[in-house]
Amino acid sequence: IQSLNHPDGVFCVAVSPNGKYILTGCRDGCIRSWHSVSFEKVKEYRDLMPLKIFFLDDDHFLTVFNQNCKLWDTGKDSPSRIFEGHTDTISSVASIGPCAFLTGSYDSTIKIWETNTGKCLRTYKGHSNPVTAVTNVNGREFVSGSSDGTAKVWNIESGKCIHTYSFRGGRVEAVVPFGNNTALLTADESRKIKMWSLEKYVTNEEVLKTKITESTNPFTYEVSSPNSHLSSRSSKSEA
């Protein structure tokens with residue numbers, strides 16, 4: 001068993017998609033990169049006590065501290081972009097591919113961001129309490145969970161809530177698509193993991209093969225499979 005030693009408490013850890021590197025976020029304000037086989041330290045990045053680390057791809061990662069999110073290039077010493085707009089702590093991050101990602105916040109909103117420009121493309125409002133979890137389903141829809149006792153399915157391009165799951169267990173802690181997006185797993189304060197039907201609320205595989213252009217939609221998609229992602233820029237910004 002190997003140990004990655006740090007001078008202070010570790011708040012977060014992430015593994016690169018290719019499995020070669022481990023990132024750790026420490027209380028001392030340092031992000032450390034480690035080789036996943038030799039466990040040797042590769043590089044250090046200085047930041048304000050990162051609370052979350054999230055890989056977008058093998059060469060780029062996000063860090064979260066309070067209501068701000070930063071984009072880093074693994075080969076550079078400082079962040080290349082800062083995403084600002086939330087008014088309270090960011091609780092969760094979900095990738096929509098290399099060009100966009102989602103953030104859920106205690107300000108009760110979810111935002112979608114354009115990675116290359118730092119623009120907020122849209123703000124999704126509907127929860128009455130802090131957003132505690134967010135996950136991408138298929139690049140066309142996503143699911144959010146909240147301390148208001150609900151989980152919501154959203155359409156990314158329209159910004160509309162498609163369906164709301166209501167809980168008696170209180171705060172929703174986690175939301176995870178399951179079974180090729182036919183079901184949704186949720187964790188909440190009821191001490192149970194619940195499984196819900198999801199397939200009738202999300203786009204099926206055949207529709208996902210359709211190319212939608214900017215001429216008819218605020219977002220442009222190039223989709224080839226159920227796991228494809230938002231692939232190019234929005235034609236307008238909505239915050």
Item to check | Test result for residue 170, open to solvent by 10 Å² or more (accessible area, probe 1.4 Å) and part of a loop (DSSP other than H, G, I, E, B) | outcome: yes
Checklist entry - How many residues does the stretch 20-34 contain that are open to solvent by 60 Å² or more (accessible area, probe 1.4 Å) and either among the polar types (S, T, N, Q) or within 17 Å of residue 75 (Cα to Cα) (or both)? => result 2
Next on the checklist: Pairs please, first residue from the stretch 2-31 and at pLDDT 90 or above, second anywhere and of a type in the set (Val, Ile, Thr) and not in a strand (DSSP E or B), Cβ atoms under 9 Å, 6+ apart in sequence or on different chains.
Outcome noted: 16/74; 20/37; 21/74; 23/74
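This table checks each residue for (1) closer than 20 Å to residue 162 by Cβ; (2) open to solvent by 20 Å² or more (accessible area, probe 1.4 Å); (3) aliphatic (A, V, I, L, M); (4) at pLDDT 95 or above.
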{"residue": "46", "(1), (2), (3), (4)": "no, yes, no, no"}
{"residue": "55", "(1), (2), (3), (4)": "no, yes, no, no"}
{"residue": "64", "(1), (2), (3), (4)": "no, no, yes, no"}
{"residue": "80", "(1), (2), (3), (4)": "no, yes, no, no"}
{"residue": "95", "(1), (2), (3), (4)": "no, yes, no, no"}
{"residue": "102", "(1), (2), (3), (4)": "yes, no, yes, yes"}
{"residue": "106", "(1), (2), (3), (4)": "no, yes, no, yes"}
{"residue": "120", "(1), (2), (3), (4)": "no, no, no, yes"}
{"residue": "125", "(1), (2), (3), (4)": "yes, yes, no, yes"}
Checklist entry - Here is a list of conditions, (1) over 22 Å from residue 98 (Cα atoms); (2) modelled with pLDDT of 85 or more; (3) in a loop (DSSP other than H, G, I, E, B), and residue 158 meets all of them except one; can you say which number that is? => result (1)
Item to check | Qualifying positions in the stretch 130-167 - of a type outside the set (Ser, Thr, Tyr), more than 18 Å from residue 197 (Cβ to Cβ) and touching a Gly at 6+ places or on another chain (Cβ under 8 Å) | outcome: 131, 133, 134, 139, 149, 156
Item to check | Residue check for residue 141: out of contact with any helix residue (DSSP H, G or I) (no Cβ under 8 Å at 6 or more places or on another chain), among the acidic types (Asp, Glu) and closer than 20 Å to residue 91 by Cα | outcome: no
Checklist entry - In the list 185, 230, 208, which residue meets the criterion of being at pLDDT below 95, under 14 Å from residue 134 (Cα atoms) and hydrophobic (A, V, I, L, M, F, W, C)? => result 185
Item to check | From 139, 85, residue being in a loop (DSSP other than H, G, I, E, B), modelled with pLDDT of 95 or more, over 30 Å from residue 42 (Cβ atoms) and under 17 Å from the mean Cα position of the chain (by Cα) | outcome: 85
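State whether one or more residues within the stretch 94-112 are over 26 Å from residue 138 (Cα atoms) and assigned to a loop (DSSP other than H, G, I, E, B).
Within the stretch 94-112, not a single residue is over 26 Å from residue 138 (Cα atoms) and assigned to a loop (DSSP other than H, G, I, E, B).
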Item to check | Selection status of residue 13, part of a loop (DSSP other than H, G, I, E, B) and open to solvent by 20 Å² or more (accessible area, probe 1.4 Å) | outcome: no
Checklist entry - Out of all the residues in the stretch 175-189, is one or more closer than 17 Å to residue 107 by Cα and open to solvent by 20 Å² or more (accessible area, probe 1.4 Å)? => result no
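The values are calculated or read from the model by the stated rules, or taken from the named source; none is laboratory data. Bear in mind that the values here come from a model prediction, so they are computed numbers and not experimental data. Note that each Cβ is placed from the backbone with ideal geometry, even for glycine, and that neighbours are counted across all protein chains shown. Quick note on the areas: whole protein, heavy atoms, side chains included, nothing else; ligands and nucleic acids left out. Shrake-Rupley method; radii C 1.70, N 1.55, O 1.52, S 1.80 Å.
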